[in-house]
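S.K.: Supplied in structure tokens, the structure appears directly below.
Nothing in this text is a laboratory measurement; each read-out follows from the coordinates by a stated rule. As the structure is a computational prediction, the values presented were derived from the model and not from experiment. So basically every Cβ, Gly included, is an ideal-geometry build from the backbone, and we count neighbours across all protein chains shown.
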Amino acid sequence: MKPTGGRTRHNDMLRLLLAVGLAASMLVIAPAQAFACSCVVSSLGEQAQRADTVVEGYIGDSTETGTTVSYDVTVDGSYKGELSPHLTVTTGKQSASCGLGGLATDEKYLLLLNRSGGGYDADACGGTARWTAKDAAEIADVLGPARVLKAAQPPQVSPARDSVVPRTAAATGSQKLRNGIVGGGVLALLVGATAFGLSRRSRLR
């Protein structure tokens, strides 16, 4: 039995709706795939060699501006580039654009950075990640050990000049005093012995 004209139109409508739904789903999926972060596969050592600066340090405060976020970093040591106690690192907020938004505050990271103007940029393809002894050793094998910032030394307070007595001068003064006492004692003994001798002679006479 041949299908009637109404049933044929109904089947055609179903095919059309299925085609429209499939096309719509492709439009939704395609942008997500197009904008997903894609990185060239590299070892951590290769990434460290390409970076302008490689440091390890702790993530501090963050400031968001548009599609980017900037982190204040307290530097522990530097494998490559400038050794500065503080850096500002800018990255994208969205992981889809290879950004590093959401770095954990007060956590230690290995940061592989590139210079951008007066600051530093980082992205998910550059190798930046939480610090581990294994990753630090791998970078040290390529770039050498990290240069560590020296702890700040407390200022040296110089005593007032009037209250300072040089040790040599104090020793010399003490020696002179001892010599004077000894010399005075010897002289007193000599005078006493002489007086005793004269007194004895006068009695014998």
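S.K.: Go through region 68-84 and give me each residue that's part of a strand (DSSP E or B) and either at positive phi or not hydrophobic (A, V, I, L, M, F, W, C) (or both).
M.R.: Residues satisfying the conditions are Thr68, Ser70, Tyr71, Asp72, Thr74, Asp76, Gly77, Ser78, Tyr79, Lys80.
S.K.: Please find, within region 46-67, the residue that is nearest to the chain's Cα centre (by Cα) out of those that are surrounded by fewer than 16 Cβ atoms within 10 Å (Cβ to Cβ) and not in a strand (DSSP E or B).
M.R.: Asp52
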